[in-house]
Amino acid sequence: MTLTWLDVGFTELSLEQLYGLMQLRVDVFVVEQNCPYPELDGKDKHPQARHLLGLNDQGEILAYSRILAPNVSYPQASIGRVAVAKSARGQGVANQLMQSAIAIAKRHWPTDNIQIGAQDYLRHFYQQLGFIVNSDVYLEDGIEHLDMLLIYNS
């Protein structure tokens with residue numbers, strides 16, 4: 001599947017894009033995973049936050065991730081809110097999304113490693129991208145998670 005990738009700050013998002021990314025995040029994390037949690041955590045508006053959108057030819061957001069500066073969620077740069085629409089799954093979109101998100105984090109914070117809080121069932125996917133497990137499994141919003149780190153600066 002071919003998507004157009006857009007890397008923008010919060011104030012660069014159009015209202016349509018903001019609505020679309022929030023809709024995708026709620027569809028995946030709240031509805032699909034049946035997980036009520038504080039989706040709007042204030043980090044989206046952080047002045048250094050980056051929003052990565054994967055758009056199809058009609059401009060619909062089929063993939064999304066949020067890339068945060070060091071010391072916003074973790075001491076390192078971080079990638080979170082990784083979501084792919086059901087219609088785009090199984091076509092390599094998640095891999096494209098993460099490769100792009102990693103590149104953005106490295107470009108903006110070249111001296112920082114990247115930390116993620118991953119759902120445990122996706123640990124092998126993230127390990128294939130170079131992330132290593134650096135915590136025990138813990139429950140977050142009723143879902144098993146673990147922290148993982150991509151070390152490219154030591």
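Structure summary
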item	result
Mean-position separation - Cα centroids, the stretch 93-122 and the stretch 10-81, in angstrom	13 Å
Along principal axes, Cα extents of the stretch 1-80, largest first, whole Å	37, 29, 24
Per residue, in Å², the accessible surface of the stretch 1-80 once ligands and nucleic acids are set aside, probe 1.4 Å	52 Å²
Carbon/sulfur fraction of accessible area - the chain, other protein chains in place, 1.4 Å, %	51 percent
Fraction of antiparallel bridges per DSSP, the stretch 4-150 only, in percent to nearest 5	95 percent
Distribution of pairwise C-alpha distances over the chain, 5 Å bins, in %	2, 9, 19, 23, 23, 17, 6, 1, 0
The chain - mean residue ellipticity at 222 nm from DSSP helices (-39,500 (n - 2.57) per run, n ≥ 4, rounded to 500)	-6500 deg cm²/dmol
Length added when fully stretched, VAL8-LEU139, from 0.36 nm per residue minus Cα-Cα	44.1 nm
Sites matching chymotrypsin sites (Phe, Trp or Tyr not before Pro) across the stretch 71-154 that sit in DSSP coil, with at most 15 neighbouring C-beta atoms within 10 Å	TYR152
Of VAL82, VAL30, VAL133, the one that fluctuates the most in a GNM where the chain has Cα springs shorter than 10 Å	VAL30
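The values are calculated or read from the model by the stated rules, or taken from the named source; none is laboratory data. Nothing here was measured: the structure is a model prediction, and the numbers come from that model. Backbone-built Cβ (ideal geometry, glycine too); neighbour counts: all protein chains shown. Heavy atoms of the whole protein, side chains included, go into the accessibility calculation; ligands, DNA and RNA do not. Shrake-Rupley method; radii C 1.70, N 1.55, O 1.52, S 1.80 Å.
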